[in-house]
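Worksheet: one structure, shown below.
The values are calculated or read from the model by the stated rules, or taken from the named source; none is laboratory data. Note that the structure is a prediction, hence the values are computed from the model and not measured. No Cβ is skipped: glycine too gets one built from the backbone with ideal geometry, and neighbour counts run over all protein chains shown.
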Amino acid sequence: MSNTWSIIQSLQPFLQVAWEKSNFTSPTPVQEKTVRDILEGKDVIAESPTGTGKTLAYLLPALHKIDLTKKDVQVLILASSRELVMQILEEIRIWSEGSGIERAALIGGANVKRQLDKLKKKPQIIVGTPGRIVELIQSKKLKVHEVNTVVFDEGDQLFSREHQKEVDQIIKSTLKSKQVLVFSATLSEEVVEKAMERMQSPITIRVKQDVLRSENLEHLYIACEEREKITTLRKLMNLENFKGLAFSNNKNQIETIAAKLDYNGVAIGALHSDTTKQERETALKRLREGKYPLILATDVASRGLDIKGLTYVIQLDVPKDEEQYIHRAGRTGRAGNEGIVISIVSGLEENKLSKLGKKLGITLNETNLYKGSLT
């Protein structure tokens, strides 16, 4: 076990075993700065970029504090999307192995009866979407009066107007003395204010880890005519070890590209506001299994996605600001793996991308495709 983090040795044995199995050599900055405070019972608001280990930062102390003698829900984790809920549930499975801790996921749109069957197993930790959690609390199927830790993952989404009412209902239903943890890749002052109103003297931690200037991440661009973008994308998909996520600001453009690629015999996934949950799940499953080389997505539809081993992020338009570039680029080059961000730009967009690169302080190198490789 690494000696770089003595706190691991103070955790429950099952967590120490999981840490050894994970082959992590040291904690990430957000873990280093939050775990001790969370273990001490403090309320925490933490901002840290995508892919920096936020989930584990709250899971380690939350799992450590679960009392196995109690068959009540003690930890409640809220997330805004089905995908994020399932990703967190998988992390709970890995890190609680051999502990005897029961877990359950409660998601809107899924089979309620199956979820009620899971509740009969008396889970001590639950992860779910706000709507379904409120629905089950109101119907008295879910008892949260013993919940002593409430986590808001992607706090910027959960403290938006859309979820405000449900969030307040959940907070009121849990123990008055509970610990509240808010984690997000980006936190506006408005979100911080809303969170603080619902917390007890929280500690605010902001980790500005420089994701973009990581040695593992390369920033490239290909200049071409607008009409050549789809052909360029198709050629990129033939690169060795290509597993990509392509972004567009335009839902209609995504549908057009997907249809044209399909016509040319290239099957890909597409995620946008009109995609059904079933279509989303199928697309993600096929990408993870290597049946799709690529998923095309809008920024909103891709929120909460963590696709392991993603080698390329492709931008079919120039991001509207620095934050959007950071969010997109942060999907690849994670956990020590190498990643490449490629922007496909037309003549007019090249200048816009160059200005954005200067603001971000990154070097954007022009590249071309030659005999199936990047030059």
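Figures for the structure shown
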quantity	calculated
Hey, D117 within 27 Å of A46 (Cβ to Cβ) and either more than 24 Å from the chain's Cα centre (by Cα) or surrounded by fewer than 22 Cβ atoms within 10 Å (Cβ to Cβ) (or both) or not	no
Enumeration of residues in region 9-28 that are of a type outside the set (G, A, S) and either at pLDDT below 85 or touching a Ser or Thr at 6+ places or on another chain (Cβ under 6 Å) (or both)	Q9, F14, N23, F24, T25, P27, T28
Filter result (in contact with a strand residue (DSSP E or B) (Cβ under 6 Å, 6 or more places away or on another chain) and among the hydroxyl-bearing types (S, T, Y)) within region 14-64	T34, Y58
L360 vs. criteria touching a residue at least 40 places away in the same chain (Cβ under 8 Å), more than 25 Å from the chain's Cα centre (by Cα) and not assigned by TED's automatic domain parsing to the domain that holds E83	no
Selected residue [modelled with pLDDT of 90 or more and under 22 Å from T55 (Cα atoms)] from G304, G339	G339
Restricting region 344-361 to residues that are among the polar types (S, T, N, Q) and loosely packed, with under 15 Cβ neighbours inside 10 Å, the residue that is farthest from E228 (Cα to Cα)	S354
So E215, is it surrounded by fewer than 20 Cβ atoms within 10 Å (Cβ to Cβ), of a type in the set (D, E, K, R), without any contact (Cβ under 8 Å) to a residue 24 or more places away in the chain and over 19 Å from T52 (Cβ atoms)	no
Residues of region 237-251 that turn out to be surrounded by fewer than 21 Cβ atoms within 10 Å (Cβ to Cβ) and out of contact with any Ser or Thr (no Cβ under 9 Å at 6 or more places or on another chain), as a count	2
Check on L294, closer than 19 Å to L84 by Cβ and out of contact with any Pro (no Cβ under 7 Å at 6 or more places or on another chain)	no
Out of I342, I307, I257, I326, sole residue that is assigned to a strand (DSSP E or B) and outside the structural domain of E91 (by TED's automatic domain parsing)	I342
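Quick grid of which residues meet (1) buried (at least 22 other Cβ atoms within 10 Å of the Cβ); (2) out of contact with any helix residue (DSSP H, G or I) (no Cβ under 9 Å at 6 or more places or on another chain):
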site	(1), (2)
P13	no, yes
V17	no, yes
Q31	yes, no
I45	yes, no
G53	no, no
L59	yes, no
H64	no, no
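Okay, residues lined up against (1) more than 22 Å from E146 (Cα to Cα); (2) not hydrophobic (A, V, I, L, M, F, W, C):
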| position | (1), (2) |
| --- | --- |
| T34 | yes, yes |
| G41 | no, yes |
| T55 | yes, yes |
| E83 | yes, yes |
| A110 | yes, no |
